[in-house]
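Novice: Here's a structure for you.
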Protein chains: 2
Amino acid sequence: MNGADALIAGLVDGGVDTCFANPGTTELQLVAALDRSDAVRSVLCLAEGVCSGAADGYARIARKPAMTLLHLGPGFANSLANLHNAKRAASPVVTVIGDHATWHLAADAPLTSDIESLAAPMSVTVTRVADAAHAYLDGCSAAGASLFAASTGPATVIVPQDVCWTEVADRPAGTSLTWGPDWPDNLDHAGGPARLAAVHEALRSAHRPVLLLGGAHVDAEAQRWAAAVAEKFGGRALVAGLGPRHDRGAELPTLEVVGYFPEHARAAFADADLVVLCGTRAPVTFFGYPDDVSTVIGDDVRRVELCSTSAHLAGWLEQLAGVAEVAMAPLTSDVGAPQLPSNSPITAATLGAVLAVLTPEGAIVVNEALSNAGCMAPLAHGAMHIELSATTGGAIGNGLPCALGAAIAAPDRPVIAVQADGSAAYSLQALWSMAREQCNVTIILLSNRRYAILDVEMKRAGTQLRSQKLTDLGDPQIDWVALAAGFSVPGISVNDTDSLADALRYGLATPGPYLIEAAMP
Amino acid sequence: MNGADALIAGLVDGGVDTCFANPGTTELQLVAALDRSDAVRSVLCLAEGVCSGAADGYARIARKPAMTLLHLGPGFANSLANLHNAKRAASPVVTVIGDHATWHLAADAPLTSDIESLAAPMSVTVTRVADAAHAYLDGCSAAGASLFAASTGPATVIVPQDVCWTEVADRPAGTSLTWGPDWPDNLDHAGGPARLAAVHEALRSAHRPVLLLGGAHVDAEAQRWAAAVAEKFGGRALVAGLGPRHDRGAELPTLEVVGYFPEHARAAFADADLVVLCGTRAPVTFFGYPDDVSTVIGDDVRRVELCSTSAHLAGWLEQLAGVAEVAMAPLTSDVGAPQLPSNSPITAATLGAVLAVLTPEGAIVVNEALSNAGCMAPLAHGAMHIELSATTGGAIGNGLPCALGAAIAAPDRPVIAVQADGSAAYSLQALWSMAREQCNVTIILLSNRRYAILDVEMKRAGTQLRSQKLTDLGDPQIDWVALAAGFSVPGISVNDTDSLADALRYGLATPGPYLIEAAMP
């Protein structure tokens, strides 16, 4: 085997089974090594931001590290925006970048750049493979770092081309790493009993406690334990906004999601005297505003941490419930069945109603609805599903890639991508990979032909523009059905809820991707 | 005025008149300032890589700094690949990035990242505007830095939102900078006479000298002076490959372009005993190969530098010709008129013949043909034109953005984008801005449905793959006419040279953009 084979072997032993790739000449040996390996499924993407976003979506659903293969500094740079979202989602993404041969770097050839400087902001670790003999362990370690670093998150591996083409002995004996299918608890349990006692004591002395749930593990069990603990202490359980993964269903206890704008976020904590941070840090405002501050929770509100972002949230909350001597909150059964709206224009509210009726049990809903995010609020009776917020780091353009990755991770689950138009335009190339891999993704493309969030922020700032040149997307209008067809994804344009419901039913019933352009008023 | 107005005023006084923008919330004040200014034309782009590539193309043609406006670290990151090309092209691109309010950075809000670390590899200078009082001068200086730094190239300005919204007095008196429409000589003339004498002496003592021309100023005059000097000393003049701008025409003296692969590049210098570097550095191989070295010119070949990448090349060569006492080489008039190929499949050779017949006088041809770059060799009689190599830094995906920027810079010149399919897919969003601005760009989209350069490199490496999963783009086939239609660009698919010629004539005669999908065998 050569260094490329050894690196791939190390990654495989570290848990990698899928690679989202956009390779170039410096990755030839890695392409050949992937071609020789039967342990990694390779998915070609037309743009690097699709690779990193898909790896993020894959990791959130598969709960194991996902790999990308990218070309030198500039190719890697194209992946950074969605890698930023992956970092904020604490997703274990392993980026492998082929670099020039070691001896060729000094020549400052055209494609040379400082890859480490590009990688540092969006990575939890950055490794340069020094020689072929280290390639196997560096591969293992990168996969491990994505899971076992202080926070889970992106690990970046730079491998020079001469390291890849150098022959090495077979992998070192006895170094193979394995772990189970779930993210580990990241050693948080080490301080567990003391932490549990401190949180319990804080809850007992609080009048209006809030349990704030966040991170990649806000599953049904976590929510039911949190609701039970909150009820016992006369408080509330909330879910942080823009979370990487959030189990949903009308039968679950009602946990409000913290709002986006400062006044909405602060209102959620207005009466709290204690906030228990469960897998998330104290929230801050998304942006700064004149004469405002960054904080959402008042300085006089006590805060205690139950567990870190990477921890097994339900496990921690179950232990807390044990200390507090409460049983898991029951599922609710008397939820009224939602109704389809009568033939109506498509708005956040009517779309929400359609989704509440038609979202299937077990679905994955990828949310990049942005200014129409209100559509996520209504929930279907009897259809427990997973919601992934695409823009955990606020970098738009992650929705379609994230849906691609989720569909590769869970081919038996239907995926619904609720997708704003402006953000879809950053990474529409994901459609091609969906068609190539015949992913079961139904895309609801919300066409409002605006960067509408900018309109909202302009209004909030009291600013009036003479021209809409920098916020309007309607001149010319984007024909999303044509774009989808260009990438071999069939689609339809609809402008009322009846047609939308029919199209959604069709998309969910038909194998492969399907795009529904939902024209909004 | 506020800090945002002051920054824009400084940029305008520094020579900026065009902004390629993809703004977000932290750029609201800058959007409003651009809206209030009549001095800057704003062009909205759907993806940030389109902004940086278009600014690069604009700067190469307009010969003045072009501005982009991008959103925080992740939005900026999306621009880096094409900013890398701009840096390697020595193009004066000024990137303005809105950042969080100064006091909000410590909160580590979701969109926070280390923007300086991202910017450093692809910038000649990086500035963070400290307060509104400095905004005007920082704007001037950034535009100046893009022109006057040791090398011209990208200048990056980070401006926090609170700096933008803070009121300031009008611009400081007496600080307005101006410069002419052309790039300056960058002080190289300071050491001019001694340098000229040294080069002249080297030429006189050489047996087989080569003048190697490169950089952004390989215009007709430079080539004619270089050809005359080379002839006088029994040598040759060559043009470096992947240059940012290169005047072409069959009437010009024949200057071979240095080839891409190491053996081709080395062959161009095989018999040289002196290389005079004229606006370029000594060439190196694009990639490193096993048992090879980076250098192209033998270690025993003497090399002397005439002038830097940013220098006024024709001026230096005219002075050298003066010292050498030679007159400018004449234009050739006995060039045979090229012939259209009889109805043939579309290959690099037949496309080249079509281009030689139909390229109009004064056209700008943007070359991202990659594995079909041979189509650029034939030249039309009587049609002096400009060729821009999109991938000066080897980062593919710059062709369509570069054509957009060139068309905005020179609305009266026809632009022909000769564009490979794989690289077009990185930044197809440029089509929308071409339609929005009604740019006169005719795109010849070379559809070979492969990452063909990878096939070539695989063959060179003697590697055989079991699967074509990571190099094949044909499953599914991309329908470029449908994609163009989705962005309101009309188009046609052709598969022989007669239809190609008809379509090219139509595209050139019709205002606005037009896409010709040229299906290759």
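Novice: Of the conditions (1) aromatic (Phe, Trp, Tyr); (2) over 24 Å from B:Ala353 (Cβ atoms); (3) surrounded by fewer than 18 Cβ atoms within 10 Å (Cβ to Cβ), B:Phe487 fails just one. Which one is it?
Specialist: Going through the list (1) aromatic (Phe, Trp, Tyr); (2) over 24 Å from B:Ala353 (Cβ atoms); (3) surrounded by fewer than 18 Cβ atoms within 10 Å (Cβ to Cβ), B:Phe487 breaks only (3).
Novice: Within the range A:139-152, does at least one residue satisfy the condition of being over 27 Å from A:Arg281 (Cβ atoms), assigned to a helix (DSSP H, G or I), of a type outside the set (Val, Ile, Thr) and open to solvent by 10 Å² or more (accessible area, probe 1.4 Å)? Before the answer, list the steps.
Specialist: Taking the range A:139-152 first, the residues over 27 Å from A:Arg281 (Cβ atoms) are A:139-140.
Then drop every residue that is not assigned to a helix (DSSP H, G or I), which leaves A:139-140.
Keeping just the survivors that are of a type outside the set (Val, Ile, Thr) gives A:139-140.
With open to solvent by 10 Å² or more (accessible area, probe 1.4 Å) added as a condition, the list becomes none.
No, the range A:139-152 has no match at all.
Novice: Picking from A:Gly3, A:Gly75, A:Gly15, which residue would you name as being crowded, with 24+ Cβ neighbours inside 10 Å, more than 10 Å from chain B (Cβ to nearest Cβ), under 22 Å from the mean Cα position of the chain (by Cα) and in contact (Cβ under 8 Å) with a residue 24 or more places away in the chain?
Specialist: One residue alone meets the criteria, A:Gly15.
Novice: Could you check how many residues of the range A:78-130 are part of a helix (DSSP H, G or I), facing another protein chain (nearest Cβ under 8 Å), among the polar types (S, T, N, Q) and closer than 26 Å to B:Tyr289 by Cβ?
Specialist: Summing the residues that are part of a helix (DSSP H, G or I), facing another protein chain (nearest Cβ under 8 Å), among the polar types (S, T, N, Q) and closer than 26 Å to B:Tyr289 by Cβ in the range A:78-130 gives 0.
Novice: Say whether the condition of being more than 9 Å from every other protein chain (Cβ to nearest Cβ), touching a residue at least 24 places away in the same chain (Cβ under 8 Å), among the polar types (S, T, N, Q) and part of a loop (DSSP other than H, G, I, E, B) is met by at least one residue in the range B:35-48.
Specialist: Yes, that holds for at least one residue.
Novice: Taking the conditions exactly as written (assigned to a helix (DSSP H, G or I), within 19 Å of A:Ala77 (Cβ to Cβ) and modelled with pLDDT of 85 or more), does A:Ala135 satisfy them or not? It would help to see each step written out before you state the result.
Specialist: On the way: assigned to a helix (DSSP H, G or I): yes; within 19 Å of A:Ala77 (Cβ to Cβ): no; modelled with pLDDT of 85 or more: yes.
Here the answer is no, as A:Ala135 does not meet what is asked.
Novice: Is it the case that A:Gln468 is open to solvent by 50 Å² or more (accessible area, probe 1.4 Å), more than 25 Å from A:Leu351 (Cα to Cα) and among the polar types (S, T, N, Q)?
Specialist: Numbers: open to solvent by 50 Å² or more (accessible area, probe 1.4 Å): yes; more than 25 Å from A:Leu351 (Cα to Cα): yes; among the polar types (S, T, N, Q): yes.
Yes; evaluated as a whole, the condition is true for this residue.
Novice: May I ask you to verify whether B:Leu331 is away from chain A (no Cβ under 14 Å), touching a strand residue (DSSP E or B) at 6+ places or on another chain (Cβ under 7 Å) and either part of a loop (DSSP other than H, G, I, E, B) or surrounded by 19 or more Cβ atoms within 10 Å (Cβ to Cβ) (or both)?
Specialist: No; evaluated as a whole, the condition is false for this residue.
Novice: Does the range A:154-178 hold any residues that are modelled with pLDDT of 95 or more and either over 29 Å from the mean Cα position of the chain (by Cα) or within 12 Å of chain B (Cβ to nearest Cβ) (or both), and which are they?
Specialist: Correct list: A:Pro160, A:Gln161, A:Asp162, A:Val163, A:Cys164, A:Trp165, A:Thr166, A:Glu167.
Novice: Taking the conditions exactly as written (free of Cβ contacts under 8 Å to residues at least 40 places away in the same chain, over 23 Å from the mean Cα position of the chain (by Cα) and at negative phi), does A:Gly336 satisfy them or not?
Specialist: In short, no.
Novice: Specify which of the listed residues (B:Ile97, B:Ile115) is touching a Gly at 6+ places or on another chain (Cβ under 6 Å), more than 27 Å from B:His312 (Cβ to Cβ) and either open to solvent by less than 10 Å² (accessible area, probe 1.4 Å) or basic (Lys, Arg) (or both).
Specialist: The conditions single out B:Ile115.
Novice: Still on this structure, I have one more. What number of residues within the range B:352-372 are β-branched (Val, Ile, Thr), open to solvent by less than 10 Å² (accessible area, probe 1.4 Å) and in a helix (DSSP H, G or I)?
Specialist: 1
Novice: Are there helices (runs of 4 or more DSSP H) fully within the range A:404-521 with at least 1 residues that are more than 24 Å from the chain's Cα centre (by Cα), more than 10 Å from chain B (Cβ to nearest Cβ) and modelled with pLDDT of 95 or more? List them.
Specialist: Helices (runs of 4 or more DSSP H) meeting the threshold: A:497-509.
Novice: Mind checking whether some residue in the range B:51-67 is assigned to a strand (DSSP E or B) and at the interface with chain A (Cβ under 10 Å from one of its Cβ atoms)?
Specialist: no
Novice: If you don't mind, there's one more thing I want to ask. If you scan the range B:79-117, which residues turn out to be among the hydroxyl-bearing types (Ser, Thr, Tyr) and within 30 Å of B:Thr280 (Cα to Cα)?
Specialist: B:Ser79, B:Ser91, B:Thr95, B:Ser117
Novice: So, one more: Quick test of your reading of the structure: A:Glu27 fulfils all but one of (1) more than 30 Å from A:Pro283 (Cα to Cα); (2) open to solvent by less than 10 Å² (accessible area, probe 1.4 Å); (3) within 24 Å of the chain's Cα centre (by Cα); (4) within 10 Å of chain B (Cβ to nearest Cβ). Name the failing condition by number.
Specialist: (3)
Novice: Here's a follow-up. Could you please let me know if A:Glu256 is surrounded by fewer than 21 Cβ atoms within 10 Å (Cβ to Cβ) and within 21 Å of A:Met328 (Cβ to Cβ)? Steps first, please.
Specialist: Details: surrounded by fewer than 21 Cβ atoms within 10 Å (Cβ to Cβ): yes; within 21 Å of A:Met328 (Cβ to Cβ): yes.
For A:Glu256, the condition - surrounded by fewer than 21 Cβ atoms within 10 Å (Cβ to Cβ) and within 21 Å of A:Met328 (Cβ to Cβ) - is met.
Novice: Give just the number: which of (1) buried (at least 22 other Cβ atoms within 10 Å of the Cβ); (2) under 15 Å from A:Gly243 (Cα atoms); (3) at pLDDT below 95 does A:Leu306 not satisfy?
Specialist: Of (1) buried (at least 22 other Cβ atoms within 10 Å of the Cβ); (2) under 15 Å from A:Gly243 (Cα atoms); (3) at pLDDT below 95, only one is false for A:Leu306: (2).
The values are calculated or read from the model by the stated rules, or taken from the named source; none is laboratory data. Nothing here was measured: the structure is a model prediction, and the numbers come from that model. Glycine gets a Cβ as well: all are built from the backbone with ideal geometry, and neighbour counts include every protein chain shown. Just so you know, the surface numbers come from the protein's heavy atoms only, side chains and all, with ligands and any DNA or RNA stripped out. Shrake-Rupley method; radii C 1.70, N 1.55, O 1.52, S 1.80 Å.
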